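Notes follow the structure.
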Amino acid sequence: MISLEGTELASIVKKQCAADASDFLSRFGRKPLLAVVLIGSNPSSRSYVFGKRKACDLVGIDHRDLFFPSEMTEPGLLELIDGLNTDDDVDGILVQLPLPKHINESKVINRILPSKDVDGFTPINMGNLLLGNPCLAPCTPKGILKMLDYYGISTDSKDVCIIGRSNIVGKPLSAMLLQKDRNATVTVCHSLTSNIRPHVAESDIVITAVGKPGIIDASMVKPGAAVIDVGITRVEDPSSPKGYHWAGDADYESVSRVCGAITPVPGGVGPMTIAMLMSNTVDAAFMRKGIKR
Ligand code: GUN
């Protein structure tokens, strides 16, 4: 069984980004700049945003942190994005999701200039992704594919089961796996799938992204399959010194005994998402200067 170490690969990717960011600095006299917008005080969102900030510092990307209370209005946020769109020093814009209920998420995402959309969430980037055109693609799916490549796990003619149909992971990942450079046969399961078991059982690669600890156990997985666990849930645990632990969607203990490869949680997909955000930010910075790499 191979443990797919996202932390290790993320560090390699970030080193390459650092070299590219330094090249950008020497050519254009400034670092690439990522603007991160966080509304409210959701603890998971805050922790993601601090992780992104740390990675920017390591890579040599400037970050502009724009944190607002949850009372921020939708017109206020749209106006903020308009300002970032027209600010020539800003290369990437990331609005941390989820947004408070009174703000229309798709309206906000749609307002981001596609050339600065380092999350790859705008309709233009998503549409181009579906069509197989060059675009800024979502970071978690990109990180997952990078990890499969690094560990020599081909998707060619493989049966891949994705659990979760989110705009952030499931939908874009299914589109990427269907392209002619990936050639997977893709099944997407979701909350209203009548029974995920037969779909998982026949899959060579299982990618789960629902945030339900234990939804995948050893009895469901084909022996030798690769299991990519995007789920990360805080579970109260009085036996742990911190009082909690992080759990993936797969029951690691049992699944790791039958699968061929599995991502740990934490330390698997999470660090790769951040590394690909760094990569998209550097790419966006160069593309805005007319340089495609
Ligand atoms: N919330 C959870 N994952 C993500 C992500 O990849 N990007 C943004 N902007 N928000 C998120």
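For Lys146, the aspartates and glutamates whose Cα comes closer than 19 Å to its Cα, not counting residues fewer than 8 places off in the same chain, are Glu5, Glu8, Asp20, Asp119, Asp156, Asp159, Asp181, Asp204, Asp229, Asp283. Quick check on my link table: of Lys180/Lys292; Lys15/Lys158; Lys31/Lys180; Lys31/Lys101; Lys116/Lys158, which ones sit more than 24 Å apart, alpha carbon to alpha carbon? Exceeds cut-off: Lys15/Lys158; Lys31/Lys180; Lys31/Lys101; Lys116/Lys158. For the stretch 50-134, the list of trypsin sites (Lys or Arg not before Pro) that fall in a loop by DSSP and count at most 14 other C-beta atoms within 10 angstrom reads Lys101. For the pair the stretch 89-119 and the stretch 140-217, the centres of their Cα atoms are 25 angstrom apart. In degrees between 0 and 90, to the nearest 10, how far off the longest principal axis of the chain does helix 43-59 point, with axes built from Cα atoms? Taking the Cα atoms of the chain, the angle to 43-59 is about 70 degrees. Between the Cα long axis of helix 74-86 and the first principal axis of the chain there is an angle of about 70°, rounded to the nearest 10. Only Cα pairs under 8 Å and 6+ residues apart enter the sum, and on that basis the relative contact order of the stretch 54-170 stands at 17 percent.
Classify the chain as rounded, prolate or oblate from the Cα gyration tensor: take a ≥ b ≥ c as the square roots of its eigenvalues, call it rounded if a/c is under 1.5, otherwise prolate when a/b beats b/c and oblate if not. Cα axes put the chain in the prolate bin.
Over all other residues within a Cβ to Cβ distance under 13 Å of Gln16, the charged ones net out to +1, with Lys and Arg as +1 and Asp and Glu as -1.
Please work out how much length the chain gains when fully extended from Asp89 to Arg27, using 0.36 nm per residue of separation minus the C-alpha to C-alpha distance, in nm with one decimal. The span from Asp89 to Arg27 would gain 20.9 nm if fully extended. Counting neighbouring Cβ atoms within 10 Å and putting the fewest first, the residues Val49, Val169 line up as Val49, Val169.
Ordering Met176, Met278 by the number of other Cβ atoms within 10 Å of each residue's own Cβ, fewest first, gives Met176, Met278.
Throughout, read-outs are computed from the coordinates displayed, never taken from laboratory work. Being a predicted model, the structure only gives us computed values, none of them experimental. Using ideal geometry, Cβ is built from the backbone for each residue, glycine included, and neighbour counts are taken over all protein chains shown.
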